[in-house]
Protein chains: 4
Amino acid sequence: MLYFKSDYTEGAHPKVLQRLVDDNMVSMPGYCADETTVSAKAKIRKFCNKEDAQVWLLTGGTQTNQIVISTMLRQHQSVVAAESGHINVHESGAIEFVGHKVETVPQHDGKICAKELDAFLKDYFDGTLIFCPIPGMVYISHPTEYGTLYSKEELKNISDICHKYDIPLYLDGARLGYGLMSRHTDVTIDDIVELTDAFYIGGTKIGALCGEAIVFTKNNMPAYFDVMCKQHGAMLAKGRLLGMQFDTLFTDNLYLEISRHAIDMAEYLKEVFVEKGYTMHVDSPTNQQFVVLDNKKAEELKQNVAMEFWERLDEDRSVYRFVTSWSTKKENIDKLKELL
Amino acid sequence: MLYFKSDYTEGAHPKVLQRLVDDNMVSMPGYCADETTVSAKAKIRKFCNKEDAQVWLLTGGTQTNQIVISTMLRQHQSVVAAESGHINVHESGAIEFVGHKVETVPQHDGKICAKELDAFLKDYFDGTLIFCPIPGMVYISHPTEYGTLYSKEELKNISDICHKYDIPLYLDGARLGYGLMSRHTDVTIDDIVELTDAFYIGGTKIGALCGEAIVFTKNNMPAYFDVMCKQHGAMLAKGRLLGMQFDTLFTDNLYLEISRHAIDMAEYLKEVFVEKGYTMHVDSPTNQQFVVLDNKKAEELKQNVAMEFWERLDEDRSVYRFVTSWSTKKENIDKLKELL
Amino acid sequence: MLYFKSDYTEGAHPKVLQRLVDDNMVSMPGYCADETTVSAKAKIRKFCNKEDAQVWLLTGGTQTNQIVISTMLRQHQSVVAAESGHINVHESGAIEFVGHKVETVPQHDGKICAKELDAFLKDYFDGTLIFCPIPGMVYISHPTEYGTLYSKEELKNISDICHKYDIPLYLDGARLGYGLMSRHTDVTIDDIVELTDAFYIGGTKIGALCGEAIVFTKNNMPAYFDVMCKQHGAMLAKGRLLGMQFDTLFTDNLYLEISRHAIDMAEYLKEVFVEKGYTMHVDSPTNQQFVVLDNKKAEELKQNVAMEFWERLDEDRSVYRFVTSWSTKKENIDKLKELL
Amino acid sequence: MLYFKSDYTEGAHPKVLQRLVDDNMVSMPGYCADETTVSAKAKIRKFCNKEDAQVWLLTGGTQTNQIVISTMLRQHQSVVAAESGHINVHESGAIEFVGHKVETVPQHDGKICAKELDAFLKDYFDGTLIFCPIPGMVYISHPTEYGTLYSKEELKNISDICHKYDIPLYLDGARLGYGLMSRHTDVTIDDIVELTDAFYIGGTKIGALCGEAIVFTKNNMPAYFDVMCKQHGAMLAKGRLLGMQFDTLFTDNLYLEISRHAIDMAEYLKEVFVEKGYTMHVDSPTNQQFVVLDNKKAEELKQNVAMEFWERLDEDRSVYRFVTSWSTKKENIDKLKELL
């Protein structure tokens, strides 16, 4: 079976795993007070070129979104996301579970538009709407759920709207590395640090067994954040599991290098599909590629290929998602090519 | 530094880690649908001698307690625990965070008493108390936070009281292996399966990097449990991380073997302290030992020994906790002995 | 000033208020155990022609929706409503506050369509969607927020879809009396009792100072409902305040009589507007009428008329809501006529 | 039947009810924007001698406690109360329902002790305790659940401790009028305004049909408090119901006058019991009196007297609560006397 279903079908990058082996019997304090967590945080601050950034390590994306959003909002506030935003559609109501409404604005290939956001927010702050939850944060993902990326200008415009209404901008970077290494982006890590109030650097989908690193960019980490993580059931006794992984990923540029590999594989995958006459449903510059398949071909491929059904286009055709990652082998794309 | 501070100061048992290395590049589906999770669950059911037990894997103890308790309770229900119960004192209000009051009964070396529990519950169900949250579950830990163990008779009596009021009994087994392997217990895994409605088998403190295995014993796993785990932010994309670890721990009796080692070390540690004339504060038959130290000696030891301050006894003396685990080396106890 | 802004701008119907005066100094037990509450519940059961209906009295609509929805849903469930549903847009996130997502389907003059509901629900129950909150209830309002009414057939179709997926149908009857007394409805109270699983009979907008009466129609009132009301802060110490009001409203057909008056006034109001050449934005058969006004006329009217801005149509025209109630005087409509 | 069971067994003071009658047909805006609410707030500010106090009206005590506590706390914070505090024992877990743990300190006739409070708080703020919810508010009731009152010195000492740890002091004044009018108190409304950060003035038990008035004393009303009240289901459409009642209670000193009557009746009741040789269980200076009755006498009295069972003292004797209020008639106490 050729696996293109997601970017979490293998374990960890071998260097990450080796680190767990190397330091396995070293005794360390628990609950994120260990030296590997301290070192990982320092390296991430350096990666962000932001010495006063505040960094925290958690295990998964939904957990991270739930904790960041609920600790930064007050009781009466909602979070605004694209209709297709992960928190709106694929997190089992995790945000509502802790008390907050997810308000939505239209999505355009997964992205929100600053102008529409402005129009949406206006009514809440000028008194037109009453007895509504008040927007207290804007959530975007970069890359989005469709693999697309904001341009620097788009990101700046959204950031400006957030400032206009004095609410924070939070960026879900579950696949941040793949976004940064895209061949079609003008957004750097410095831009993200400058234009957002908080974001996370995804590890689970980029080389780690588990783990996401939250970065608070404006000296705005909520006080007692550690207590609130414990309260959410999100504090590992062996914080070292996260510390060692991120410490390794941010040593010798490993995180970006393995992200680049996934991008190279995605570009090759796209070439293969286009060469074979297939239509790409979205123009995605990152590791998620969306391909139109007719039903018969799809059924045939499923015998040998693990790919993700995305949506039905019409009676005869559907969109399928093919994903590359740090672990994708070029030879598997070549094998896929033969099946197309 | 000699580490006796807790049972989570090293990584994973080497066999567990080796498994992660061996299967690292095998492609598997995400979200707990992988074959290692399926296999681990089957082995745990076998370990429990209960073919229809329902098993679920999560990452940590507080997370597990929060999810089990909140998914088994209805909105108006509380959970009853010992005053010293972990959910009452060391989980940052994780149970209240999801809406439920923790009601307490007195603790006796960490244990609750069936008779006192009966008296406590009676008033809620006979109409004496009104406008109170209604007890909907009893929580016990075994071993307790003081390292003590319920006898089979004590456990049966508590279970009977729960049945009397028709509420489930939930057992926190963060250190269950150490309890089962104690030289001073008549409680078997079969007893726990029979007498409780749900319990968890701790992995984090017994050989895993992270992980706890919940067992629902009476075909009573709440429907849509997977959705609720996701809703709590507790679903790993790479569920294989938990699957491989538990599959290894429950192969060739590894879980109990390494638990036995911790017990052997704890017994030796106790001997050393007693031989040296120290007083044990609690008569603990498991891997946590509580020793009375005078303040001067404590300060002296801290130079070379990591131990946990537990409580002050009087002006001159305090209790310190010394913990052994699967990874404790006898030579370190010998070194400690020289310092006593 | 002529008040047409809402149906809660005056106090209580004089008979209701007189009852409070008459029985003021009679001593009664607290917390809804008083004889007036018992009597009110019995009269409401009779009104519903359903001897085993379970009735409960609360103070306001948002409170009622929050309690009914949260006590009938399990943790992982969402409630499905029209985009324009009150719980989705005008209750400050009260449903999310207690943990549940409001999922929406399109609204057509405030109503949902059984076919669209079916299509929406299908994906959740056939396995297409995963890691989503699972719909656990359908919420409709009757009359809707646009004053419109479901036909008996529409109501039956929606009810059938709910049964198909085995989830309850809950009807928000904040203005139920006005719906039942409309000249353009074939829906009776018997139909509502039969086709819904729970609904409430609005008092605040129909003759009471405050108060809504929940009716559980299928012997399905959640156990310990009283405790959960207290837990929500919704239990009045002097439950008699609600008991006396509903007992009076359901004596000698008062509730329907005063509802009929509001309908008569609404029909007259509509005639006046149409006669004067105005356009009705929605064809509303109940006490809320939506009129298109050009901006100049609107500004002029505001000097003497309290009406509610609803939405902007274009640069020159907006929709305003005019509401009648049990307390509307015909002479005020005549005065309004002169201003048109 | 002679009613001494509670202070909410009759309706409203006749002047309060007359006001509802007088202004019944005056049209007013909804949702607390009416002129009677505005006027009531102004009069309460004047009563408090605090022009910049922020006042808000709600319907009941549990609702008020839930909203004040949850809107003033952050997610990780707990509220500290006496073991006997109303929020700990008689509100069905309303505080935990919205996410916060109630931590307890010992009660002494219903009161907490500043010294014990200090000792309790110390461990949370000096780093001794970790992974605990952090105390974020101290809750006291005045009068307490035992009818007792803090002295000015006691109140000041508690307030000082709160300031020491920089957490607010909140006073539950469900029976505040009875406390202020006690013959045995040196605490004035000015003291309460100065020494607390928020408190509420109870209406339900002192002359109103329903209603409590929250006072924020330090310009510290949480922003968007109105939205959060709506979110809790606590906003009345006809806010005038509360406005008119409090506006009347705070006109011509009515609130204190009727409170004084209850105190006079309580003192007379106490005299009667003592004269007849009964023992008072608590030395209560307010309207709740606790009397020791032998079981036989209690059974006999129950034929004609509604009183509240409080607790069992021993096999032969129990404590019963007798309550006076604004509506207590002296002749009923005389009738009771004949039965003793």
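Across the range C:301-312, the number of residues qualifying as surrounded by 14 or more Cβ atoms within 10 Å (Cβ to Cβ) and touching a residue at least 24 places away in the same chain (Cβ under 8 Å) comes to 6. Of all residues in the range A:66-81, those satisfying the criterion of being open to solvent by less than 10 Å² (accessible area, probe 1.4 Å) and farther than 15 Å from A:GLY233 by Cβ are A:VAL68, A:ILE69, A:HIS76, A:SER78, A:VAL79, A:VAL80, A:ALA81.
Here is a list: A:TYR146, A:TYR170, A:TYR139. Which entry is within 16 Å of the chain's Cα centre (by Cα) and part of a loop (DSSP other than H, G, I, E, B)? Matching residue, one of A:TYR146, A:TYR170, A:TYR139: A:TYR146.
Does A:ALA262 fit the bill of being in contact with a Lys or Arg (Cβ under 6 Å, 6 or more places away or on another chain), open to solvent by less than 40 Å² (accessible area, probe 1.4 Å) and within 25 Å of A:GLY173 (Cα to Cα)? Even if it seems obvious, please write down each step before you answer.
Numbers: in contact with a Lys or Arg (Cβ under 6 Å, 6 or more places away or on another chain): no; open to solvent by less than 40 Å² (accessible area, probe 1.4 Å): yes; within 25 Å of A:GLY173 (Cα to Cα): yes.
When the stated conditions are applied, A:ALA262 does not pass them.
Do we find that D:LYS270 is of a type in the set (D, E, K, R) and in contact (Cβ under 8 Å) with a residue 60 or more places away in the chain in this structure?
Details: of a type in the set (D, E, K, R): yes; in contact (Cβ under 8 Å) with a residue 60 or more places away in the chain: no.
It is false that D:LYS270 is of a type in the set (D, E, K, R) and in contact (Cβ under 8 Å) with a residue 60 or more places away in the chain.
The condition of being under 30 Å from D:GLY60 (Cα atoms) and touching a strand residue (DSSP E or B) at 6+ places or on another chain (Cβ under 7 Å) holds for only one of C:LEU242, C:LEU313, that being C:LEU242. In the range D:92-102, the residue that is nearest to B:TYR124 (Cα to Cα) out of those that are in a loop (DSSP other than H, G, I, E, B) and within 7 Å of another protein chain (Cβ to nearest Cβ) is D:SER92.
Of all the residues in the range A:48-64, those that are open to solvent by less than 40 Å² (accessible area, probe 1.4 Å) and either more than 8 Å from chain B (Cβ to nearest Cβ) or among the charged types (D, E, K, R) (or both) number 6.
Go through the range B:193-250 and report how many residues are aliphatic (A, V, I, L, M), within 11 Å of chain A (Cβ to nearest Cβ) and touching a residue at least 40 places away in the same chain (Cβ under 8 Å). Of the residues in that region, 10 qualify. Any residue that is modelled with pLDDT of 95 or more and closer than 30 Å to D:VAL21 by Cα - is there at least one of those in the range C:191-200? Checked the range C:191-200: at least one residue is modelled with pLDDT of 95 or more and closer than 30 Å to D:VAL21 by Cα. Condition first: of a type outside the set (Val, Ile, Thr), in contact (Cβ under 8 Å) with a residue 40 or more places away in the chain and buried (at least 23 other Cβ atoms within 10 Å of the Cβ). Can you find one or more residues in the range A:82-105 that meet it? Within the range A:82-105, one or more residues are of a type outside the set (Val, Ile, Thr), in contact (Cβ under 8 Å) with a residue 40 or more places away in the chain and buried (at least 23 other Cβ atoms within 10 Å of the Cβ). When C:GLY239, C:GLY243, C:GLY207 are screened for being within 22 Å of C:GLN289 (Cα to Cα) and surrounded by 22 or more Cβ atoms within 10 Å (Cβ to Cβ), only C:GLY207 passes.
Please specify each residue of the range C:109-136 satisfying the condition of being in a loop (DSSP other than H, G, I, E, B), closer than 30 Å to C:PHE290 by Cβ and aliphatic (A, V, I, L, M). The one that is in a loop (DSSP other than H, G, I, E, B), closer than 30 Å to C:PHE290 by Cβ and aliphatic (A, V, I, L, M): C:ILE112. Kindly indicate the residue of the range A:313-327 that is small (Gly, Ala, Ser) and touching a residue at least 40 places away in the same chain (Cβ under 8 Å) and also surrounded by the fewest Cβ atoms within 10 Å (Cβ to Cβ) among those meeting that condition. That would be A:SER327. Residues in the range D:29-47 that are part of a helix (DSSP H, G or I), over 15 Å from D:GLU212 (Cβ atoms) and either within 10 Å of another protein chain (Cβ to nearest Cβ) or open to solvent by less than 20 Å² (accessible area, probe 1.4 Å) (or both): 1 in all. Contact map, the range C:155-176: first residue within 10 Å of C:TYR139 (Cα to Cα), second residue crowded, with 16+ Cβ neighbours inside 10 Å and among the aromatic types (Phe, Trp, Tyr), Cβ cut-off under 7 Å, separation 6 or more or different chains; pairs are C:TYR170/C:TYR139; C:TYR170/C:PHE199; C:LEU171/C:PHE199; C:ASP172/C:TYR139; C:ASP172/C:TYR200.
I want to confirm something. Restricting to the range B:188-197 and keeping residues that are hydrophobic (A, V, I, L, M, F, W, C) and crowded, with 21+ Cβ neighbours inside 10 Å, which single residue is farthest from B:VAL38 (Cα to Cα)?
Start the filter on the range B:188-197 by keeping residues that are hydrophobic (A, V, I, L, M, F, W, C), which leaves B:189, B:192-193, B:195.
Right, trim to crowded, with 21+ Cβ neighbours inside 10 Å and you get B:192, B:195.
Working: B:ILE192: 23, B:LEU195: 25 Å.
Filtering first and then ranking leaves B:LEU195.
Among all residues of the range A:199-215, there is none that is in contact with a Pro (Cβ under 8 Å, 6 or more places away or on another chain) and at negative phi.
Considering only the range C:276-288, state which residues are in contact (Cβ under 8 Å) with a residue 24 or more places away in the chain and surrounded by fewer than 23 Cβ atoms within 10 Å (Cβ to Cβ). Walk me through it before giving the result.
The first filter runs over the range C:276-288 and keeps only residues in contact (Cβ under 8 Å) with a residue 24 or more places away in the chain, leaving C:276, C:278, C:281-288.
If the condition is that a residue be in contact (Cβ under 8 Å) with a residue 24 or more places away in the chain and surrounded by fewer than 23 Cβ atoms within 10 Å (Cβ to Cβ), then C:LYS276, C:TYR278, C:HIS281, C:VAL282, C:ASP283, C:PRO285 are the ones that fit.
Can you pull out the residues in the range D:129-166 that are closer than 30 Å to A:ALA234 by Cα and in contact with a strand residue (DSSP E or B) (Cβ under 9 Å, 6 or more places away or on another chain)? D:CYS132, D:PRO133, D:ILE134, D:PRO135, D:GLY136, D:MET137, D:VAL138, D:TYR139, D:TYR165, listed by residue number. When A:VAL80, A:VAL26, A:VAL21, A:VAL16 are screened for being assigned to a strand (DSSP E or B) and either at the interface with chain B (Cβ under 10 Å from one of its Cβ atoms) or in contact with a Ser or Thr (Cβ under 9 Å, 6 or more places away or on another chain) (or both), only A:VAL80 passes.
The listed residues are A:LYS296, A:LYS335, A:LYS330, and the only one of them that is free of Cβ contacts under 8 Å to residues at least 12 places away in the same chain and not β-branched (Val, Ile, Thr) turns out to be A:LYS296.
The values are calculated or read from the model by the stated rules, or taken from the named source; none is laboratory data. Computed from a predicted structure; not experimentally measured. Methodologically, a virtual Cβ is constructed for each residue, glycine included, from the backbone with ideal geometry; neighbour enumeration extends over all protein chains shown. Protein only, heavy atoms only, side chains kept; ligands, DNA and RNA dropped before computing areas. Shrake-Rupley method; radii C 1.70, N 1.55, O 1.52, S 1.80 Å.
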